Every structure is written in C-alpha cells, then in structure tokens.
Amino acid sequence: MKKLNLAILAMFAGILYAQAQTPADTGTYKNRKLQLEEVNIVSSYYHQDGDHAAVTGGIGTQKLTDLSNSIQVTLSKYDTHDRKHTWNVELGIDHYSSASSDKIDPKTISSASAADTRFYPSVSWEMENKKGTTFGAGVSFSHEFDYQSIGANLLFAQKTRNKMGEFSLKLQTYQDNLKLIYPIELRTDGSGYGEHDDYATAGRKTYSGSISWSQIVNSRFQLMFLADVIYQSGYLGLPFHRVYFSDNSVHVEKLPDSRLKIPLGIRANYFLGDRVVLRGYYRYYHDNWNINAHTASLETSVKLSPFYSLTPFYRYTHQQGTKYFADYQAHTSADTYYTSNYDLSSFDSHFFGAGIRMIPPHGVFGLQHFNMLELRYGHYTQSSGLQSNIISLNLKFK
C-alpha cells in the first residue's frame, strides 16, 4: 500500500510539472506566467512502544504505528510591479493504529478507537516586493474521527537594506472541536461505541504570535533568534484519558481551561569548509502549568561528494513536568486538577539518527526534474521507557 501511495504521488507530481513548467527566465526579465517551482513528497513510517498509556491511567501499552504521506506544491509568478507571489498547496493523510486507544472500550473494536485516519490540507500565499517586504496569509484544515481543526495565519517579514538580516512576525489561530468520547465505564448513558453515536462536543482555541530575527554574520556563520507566545483556552485535556485515584476510583483527566506557553529559541549554522555544515539549535520552554523544558540539538551535513551528503543528528530534551501530573493511583480527591499523561511528566529524552541526501546534477536516476532524494532514520528514547523509530523518504521535483 505504501509503495502504491508513493507511486501515485510521484505520478501526480510529474503531471503537475508537465502542465506548469515554463521556460527559464533570462537576464532581468521576470516571468509573469504562473510557474511551478517545486514539488515535495514526504512519506514516513513511525512505530512506538512503552508501558505508560494515558488511556489506561498511566499504565499499559503505548504501542502505536503511523503511516504518513504528504505532497506540497509550490507555484510562483511576478506581477507588473515585480512583486513575487508564491503559493504553497499541501495535502497530507495520516493513518494510525493504536493499541492503547482501543482500551477506551475494550469490549468493542471500532475504527474510532483502534485506528483512525487524519486528513489535513492547507493553502498559503506570500508576496515579496523589491524592498524585501513580505506579506502572507494561509488557511489549514485537519479532520479525524474525534477531532477537527480550522487554522489561519498572517505573515509579515522585512529584510534589511543589505539583505543580510530579516525580521518576521507571524500570527496564527486554530479553532478546534473535539468529540467527548469517555471511557466506557464513565459513560452516563450506557451507550456503546458505535460509529453513529451522537457524542457531545467541546471547543479549544489557540492563538499564537511568533517573531524571529535572522542574520547572516558572514559567509560562514548565520544566526536566528525565535520567540513565541501561545495562548490556549477551552477543553485542554482528552476525555478518554483515565486517572486512577489512591482509593482505586477512576476519573476522567481534568486540566485547567487555559494555558500560556512561551518558547524561546536560537538557531546557528556554521559552514566548516566546503564539505561540512554544522546546524545547532537550543530552545527554552515555559508555561503556566509549571512545565519547564530545555532542548538542544546538533545536525551535521557532511558532503561525501559534490552530489551526496550524510546528515547525522542528535537532540536532547530535559523536561520538568506539570504539578498536575501523578502516577497511577497517586492522585487523591484533594487534587483540583489531575492527569497521568506521561507527556506532561518530568523526563529526559534522546533522539538521534542520520539521513542521506542525493542531489545528482542530471537528476535522481537520470530523471532531469527529479531533483532530490533524502532518506532519514531516527530513534527516540525517553526516561519513562517510551521508545520509537521513524523512517522517512523525501522526494523533490523542480
């Protein structure tokens, strides 16, 4: 099935390229016709396992697999004022199967609990003028059985006069709606877990502002500073996450109805000669649920030849968990808020792996417009016992 999906996506990319390709620009002439810049196709397989599932109160299997496919098409043109307009159209489809979420109702096997498919298209537009000023906007949509999200964003960016630096501001919002699917033993109406049950719903709203400053320090060194402010309100837990109290009673996860997140980050790229590029990243995260986290990563791109490169990477995270978290049967009736979701606990994690990228001068496998192929593998471990593996394939057509 996965090979078939890739073949269909590749064929679709080829058709798009044939329809939109125009002759290359020459001199200072700006092409006024809409032309295809590139097509990116990404396919990945993810598998995880552990024994701290939130669905069963912090114990039990976390086994999950996810198959993901997405295609992104970038189109551009210049208008009569020499402003460049760029459109990005993306379509993604994920399909997962989860042993833990099937425990919502252990007596019934249904696509809503054991497996689900997420569908997420998005469209964005940007316009850059000759002074280096960029305006942009975008919309997105995501749908699965119990969750639906509509997103929108606005973008402003300004380059410095010498084009060595750029400031950007992005505003985003997500308006989400989720079905309140409770664990079977906590349903007051005694209903089963059929596909046509009428579940109550709850809303969740997210608003964020992101600012960044990028600077080319010299021909070898580039820096970027990032800061975000994210505010969420509404139903911020999940209704099928159980919490077991010390008296052995079972409850639904309960968390505050608002959350303020503030991540701060810095990226740095250093070109160590012609063959090696070092990419470093650090982020500090804080929110008003008392979660604090530090993340540091390093990726190295090593050219094996002018057209092939190896990209090993490593990422480390240390998180101090929320005060609302406690293990299985550790909460008491005195707690106002409670969760046994280990994503909100204290942990250390390591993510490492490598990729190989091919950019042959005459195209991958001799196909002229098949510009790039990258294969990446990553292994993730968490001090809670969670482990996962991901392998992804990225194809680029230009």
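The values are calculated or read from the model by the stated rules, or taken from the named source; none is laboratory data. Since the structure is predicted, the reported quantities are computational estimates derived from the model, not experimental observations. Here Cβ is always computed from backbone atoms with ideal geometry, including for glycine, and neighbour counts include all displayed protein chains. Side chains are part of the model used for accessible areas, which takes the heavy atoms of the whole protein and leaves out ligands, DNA and RNA. Shrake-Rupley method; radii C 1.70, N 1.55, O 1.52, S 1.80 Å.
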3 or more residues in contact with a Phe, Trp or Tyr (Cβ under 9 Å, 6 or more places away or on another chain) and of a type in the set (Lys, Arg): qualifying strands (runs of 3 or more DSSP E) within region 216-292: 258-272
Region 213-234 residues that are without any contact (Cβ under 8 Å) to a residue 40 or more places away in the chain, paired with ones that are open to solvent by 70 Å² or more (accessible area, probe 1.4 Å) (beta carbon under 6 Å, 6 or more apart): Ala227/Ile211; Ala227/Leu264; Tyr231/Tyr207; Ser233/Lys205
Criterion: out of contact with any Lys or Arg (no Cβ under 9 Å at 6 or more places or on another chain) and open to solvent by less than 40 Å² (accessible area, probe 1.4 Å) - qualifying residue of Arg259, Arg242, Arg220: Arg259
Count of region 341-389 residues which are touching a Ser or Thr at 6+ places or on another chain (Cβ under 7 Å), assigned to a strand (DSSP E or B) and within 30 Å of Ala326 (Cβ to Cβ): 8
Members of region 129-139 found to be surrounded by fewer than 18 Cβ atoms within 10 Å (Cβ to Cβ) and in contact with a strand residue (DSSP E or B) (Cβ under 6 Å, 6 or more places away or on another chain), listed by number: Gly132, Thr133, Phe135, Ala137, Val139
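Take the residues in region 323-340 that are touching a Lys or Arg at 6+ places or on another chain (Cβ under 9 Å) and in a loop (DSSP other than H, G, I, E, B), then tell me which one is surrounded by the fewest Cβ atoms within 10 Å (Cβ to Cβ). Lay out the reasoning, then the answer.
So the first thing to find is which residues in region 323-340 are touching a Lys or Arg at 6+ places or on another chain (Cβ under 9 Å), and the list is 324, 335-340.
Imposing the further condition that a residue be in a loop (DSSP other than H, G, I, E, B) reduces the set to 324, 335-337, 340.
Numbers: Tyr324: 23, Asp335: 16, Thr336: 7, Tyr337: 16, Ser340: 27.
Here the residue is Thr336.
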Hits in region 38-52 (condition: surrounded by fewer than 18 Cβ atoms within 10 Å (Cβ to Cβ) and outside any strand (DSSP E or B)): Asp51
Residues satisfying the stated conditions in region 53-63, i.e. open to solvent by 40 Å² or more (accessible area, probe 1.4 Å) and either in contact (Cβ under 8 Å) with a residue 60 or more places away in the chain or in contact with a strand residue (DSSP E or B) (Cβ under 6 Å, 6 or more places away or on another chain) (or both): Ile59, Lys63
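Given the residues Asn269, Asn248, which is the only one that is on the phi > 0 side of the Ramachandran plot and open to solvent by 30 Å² or more (accessible area, probe 1.4 Å)? So that I can check it myself, show each step before the final result.
Working: Asn269 fails: on the phi > 0 side of the Ramachandran plot.
Of the residues listed, the single one that is on the phi > 0 side of the Ramachandran plot and open to solvent by 30 Å² or more (accessible area, probe 1.4 Å) is Asn248.
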Which numbered condition Glu374 misses (of (1) of a type in the set (D, E, K, R); (2) closer than 22 Å to Gly280 by Cα; (3) open to solvent by 40 Å² or more (accessible area, probe 1.4 Å)): (3)
Of all residues making up region 149-191, the number that are crowded, with 16+ Cβ neighbours inside 10 Å and closer than 17 Å to Val123 by Cβ: 7
Qualifying positions in region 172-192 - modelled with pLDDT of 90 or more and either of a type in the set (S, T, N, Q) or in a strand (DSSP E or B) (or both): Gln172, Thr173, Tyr174, Gln175, Asp176, Asn177, Leu178, Lys179
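Does Val73 fit the bill of being of a type outside the set (Phe, Trp, Tyr) and open to solvent by 70 Å² or more (accessible area, probe 1.4 Å)? Let's see the steps before the verdict.
Values: of a type outside the set (Phe, Trp, Tyr): yes; open to solvent by 70 Å² or more (accessible area, probe 1.4 Å): no.
Spelling it out, it is not the case that Val73 is of a type outside the set (Phe, Trp, Tyr) and open to solvent by 70 Å² or more (accessible area, probe 1.4 Å).
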Tally of residues being closer than 24 Å to Ser346 by Cβ and open to solvent by 30 Å² or more (accessible area, probe 1.4 Å) across region 293-320: 9
Residue tally, condition free of Cβ contacts under 8 Å to residues at least 24 places away in the same chain and more than 22 Å from the chain's Cα centre (by Cα), over region 132-155: 1
Selected residue (only one of Ser388, Ser346 is open to solvent by 70 Å² or more (accessible area, probe 1.4 Å) and in contact (Cβ under 8 Å) with a residue 24 or more places away in the chain): Ser346
